[in-house]
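Asks: Below: one structure in structure tokens.
The values are calculated or read from the model by the stated rules, or taken from the named source; none is laboratory data. Fair warning: this is a prediction, and the values are worked out from it, not measured in the lab. In this analysis, Cβ positions are derived from the backbone assuming ideal geometry, glycine residues included, and neighbour counts consider all displayed protein chains. Ligands, DNA and RNA are stripped out before the accessible areas are found, and what is left, the full protein with its side chains, is counted by its heavy atoms. Shrake-Rupley method; radii C 1.70, N 1.55, O 1.52, S 1.80 Å.
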Amino acid sequence: MKSLPPRRAAFGILLLAAAGQAVAQAPAADYSAYPCLSYSLECGKLATRRPQLKQLDGALNGNAEKGKQLAQARNGGNCLACHVMKGGSQPGTRGPDLSHYGTAGRSDAETYSMVYDMRTRNLDTLMPPFGTNAILSDPEIRDIVAFLQASK
Amino acid sequence: MRPTTRWLALAALTSISALGLATAAEPYREQYPPARIDPARGVDGDIGFSDTLPFWRTEAELERNAKWVGDPNEQWKLNWKFMDLDRVELHPGHLAVDEGEAMAARLSQRNPAFLLCLADGGSDLNGRAAAYPKYDARLGRIVTVESHIEHCAKTVLSEEIRQGSPANNKLAVYFKSLSAGMPIRVDLGDGKLMESYRRGERLFYAKTGQLNFACASCHVPGSIMGHKLRGETPTTPFADAAHYPTYRTPVGALESLQERFARCHSQMRTLQLKPGDPAYVDLEVFMTVLSNGYPVSVPSAR
């Protein structure tokens, strides 16, 4: 490897990466219910859903193991895209490290409303409004909160 | 109803309708806090932005920093420029130049006016791509290399070579390869072009889709740029337009800049627009102004 010119070696790496990456072309989902950049289509005129402070209704009753799966799944919460968490591979580094979230002493209710819509805390947050924009359902958010609280 | 109550009810009704009107005209939309970009600086605007430009600006710098290729923490600073031109081994992006050339020759044989149209009445295409996108007063719209190819094919040959099609991309790669190494020079003195730039700039910061992301959520300082987003590390938008259409190794196909926008939008869970959509044209103008002064870098791979 050392004897190869660096540029060519670099491309060798990328070719391997490409070969291992069978791009699954899922059918394009319909996101026209959310704002888009079009000047003419209806979604171009849609408003952003406003920040919503959602209270946790009753006891949490979340399943931490399911929450862990959801946090890792790219089509679930994909929390790992931005956060280091317990388990999973290739975590992101932009958000706070959540691998010991359960030791922070935050309540289930507070955690639930943050996952539901972080904009209620910080309008400029990069975190998607998981509840307000229906990315995750109420039971799914409860599972993720349970996983976070169990992360010690 | 007592007079005060009636007055309150009336006031409430009026304010609701006023709010309704305001909402109809200007819906509540969020935007990512704008970074300060001076279009006049072109690619130099990256200084004070991602500050990675010194690492990838020249061949010599890329050579010097080649040790970062494959390094998960450092590679993003090279802005993938080690994948441009002949810096990497032969790949389908290189082959597309030859295919595009053969295609252009074939089409020009059918009607020499095709090449004349592509060259805006000139004798060859050399160096012309570096001035795109530009405002075409006769057509009354901003023209990209891809839309220009589509237009010439349609008007001269009555043939559909749609933007975003493999044939259009091959012709565009060939066209742009004839400007390879020449500094991009989008005309900032053109008022129509600057209007487009400003619209594109607004779109860059507009939050859209189910995830409520803007382009800027991943591509300005303080955002995810330079941080890990699972397997990726988002890079600077400066000089990005310079290497399109590019051969995408994960996709196994050529992809134009506007097709890339659409792919990003699908990942952002936002409705994808079609290549040539006026919003994508404005975004391309914005992105290309951020490449002004940087050489056209086609063919390339990503």
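Asks: B:Tyr280 - would you say it is among the hydroxyl-bearing types (Ser, Thr, Tyr) and within 26 Å of B:Glu74 (Cα to Cα)? I'd like the intermediate steps shown before the answer.
Replies: Values: among the hydroxyl-bearing types (Ser, Thr, Tyr): yes; within 26 Å of B:Glu74 (Cα to Cα): no.
Spelling it out, it is not the case that B:Tyr280 is among the hydroxyl-bearing types (Ser, Thr, Tyr) and within 26 Å of B:Glu74 (Cα to Cα).
Asks: Checking the structure you have, find out if any residue of the range B:11-26 is β-branched (Val, Ile, Thr) and either modelled with pLDDT of 95 or more or in contact with a strand residue (DSSP E or B) (Cβ under 9 Å, 6 or more places away or on another chain) (or both).
Replies: Quick first cut of the range B:11-26, residues β-branched (Val, Ile, Thr) only: B:14, B:16, B:23.
In the following step, the residues that additionally are either modelled with pLDDT of 95 or more or in contact with a strand residue (DSSP E or B) (Cβ under 9 Å, 6 or more places away or on another chain) (or both) were identified as none.
No: the range B:11-26 contains no residue that is β-branched (Val, Ile, Thr) and either modelled with pLDDT of 95 or more or in contact with a strand residue (DSSP E or B) (Cβ under 9 Å, 6 or more places away or on another chain) (or both).
Asks: A further question follows. Assuming B:Glu74 fulfils every condition listed in (1) within 13 Å of chain A (Cβ to nearest Cβ); (2) open to solvent by less than 30 Å² (accessible area, probe 1.4 Å); (3) modelled with pLDDT of 95 or more apart from one, which condition is it?
Replies: All conditions are met except number (2).
Asks: Every residue in the range A:76-96 that is more than 10 Å from every other protein chain (Cβ to nearest Cβ) and either open to solvent by 30 Å² or more (accessible area, probe 1.4 Å) or not in a loop (DSSP other than H, G, I, E, B) (or both), please. Outline the logic, then answer.
Replies: Just the residues of the range A:76-96 that are more than 10 Å from every other protein chain (Cβ to nearest Cβ), to begin with: A:76-77, A:79, A:83, A:85-87, A:96.
Within the range A:76-96, A:Cys79, A:Lys86, A:Gly87, A:Pro96 qualify.
Asks: Sticking with this structure for a sec: Of the residues that make up the range B:242-256, is at least one surrounded by fewer than 24 Cβ atoms within 10 Å (Cβ to Cβ), of a type in the set (D, E, K, R) and either in a helix (DSSP H, G or I) or more than 10 Å from chain A (Cβ to nearest Cβ) (or both)?
Replies: Looking for residues that are surrounded by fewer than 24 Cβ atoms within 10 Å (Cβ to Cβ), of a type in the set (D, E, K, R) and either in a helix (DSSP H, G or I) or more than 10 Å from chain A (Cβ to nearest Cβ) (or both), one finds at least one in the range B:242-256, hence yes.
Asks: Scan the range B:177-194 and report the pairs whose first residue is within 11 Å of B:Val298 (Cα to Cα) and whose second residue is of a type in the set (Asp, Glu), with Cβ atoms within less than 8 Å and a gap of 6+ or a chain change.
Replies: These pairs meet every condition: B:Leu178/B:Asp124.
Asks: Test each condition in (1) outside any loop (DSSP other than H, G, I, E, B); (2) among the acidic types (Asp, Glu); (3) open to solvent by 30 Å² or more (accessible area, probe 1.4 Å) for B:Asp187 and report the one that comes out false.
Replies: Unmet condition: (1).
Asks: Next question, about the same structure. Among the residues of the range A:118-129, how many are part of a loop (DSSP other than H, G, I, E, B) and more than 21 Å from B:Leu229 (Cβ to Cβ)? I'd like the intermediate steps shown before the answer.
Replies: We begin by selecting, within the range A:118-129, every residue part of a loop (DSSP other than H, G, I, E, B); these are A:121-129.
Now drop any that are not more than 21 Å from B:Leu229 (Cβ to Cβ), which leaves A:121, A:123.
Summing the residues that are part of a loop (DSSP other than H, G, I, E, B) and more than 21 Å from B:Leu229 (Cβ to Cβ) in the range A:118-129 gives 2.
Asks: Which residue out of A:Arg106, A:Arg49 is open to solvent by 60 Å² or more (accessible area, probe 1.4 Å), within 14 Å of chain B (Cβ to nearest Cβ) and part of a loop (DSSP other than H, G, I, E, B)?
Replies: Working: A:Arg106 fails: within 14 Å of chain B (Cβ to nearest Cβ).
That would be A:Arg49, the only listed residue that is open to solvent by 60 Å² or more (accessible area, probe 1.4 Å), within 14 Å of chain B (Cβ to nearest Cβ) and part of a loop (DSSP other than H, G, I, E, B).
Asks: Output the number of residues of the range B:102-117 satisfying the condition of being buried (at least 21 other Cβ atoms within 10 Å of the Cβ) and touching a Lys or Arg at 6+ places or on another chain (Cβ under 8 Å).
Replies: Let us first name the residues in the range B:102-117 that are buried (at least 21 other Cβ atoms within 10 Å of the Cβ), namely B:107, B:114.
Checking the rest, the ones that are also touching a Lys or Arg at 6+ places or on another chain (Cβ under 8 Å) come to none.
Residues that pass the stated criteria total 0.
Asks: When the range B:77-90 is examined, which residues are found to be in a loop (DSSP other than H, G, I, E, B) and at pLDDT 95 or above? Please lay out each step first, then the result.
Replies: Start the filter on the range B:77-90 by keeping residues that are in a loop (DSSP other than H, G, I, E, B), which leaves B:79-80, B:88-90.
Scanning the range B:77-90 gives B:Asn79, B:Trp80.
Asks: What number of residues in the range B:42-71 are in a helix (DSSP H, G or I), more than 10 Å from chain A (Cβ to nearest Cβ), hydrophobic (A, V, I, L, M, F, W, C) and open to solvent by 20 Å² or more (accessible area, probe 1.4 Å)?
Replies: Residues flagged as in a helix (DSSP H, G or I), more than 10 Å from chain A (Cβ to nearest Cβ), hydrophobic (A, V, I, L, M, F, W, C) and open to solvent by 20 Å² or more (accessible area, probe 1.4 Å) within the range B:42-71 amount to 2.
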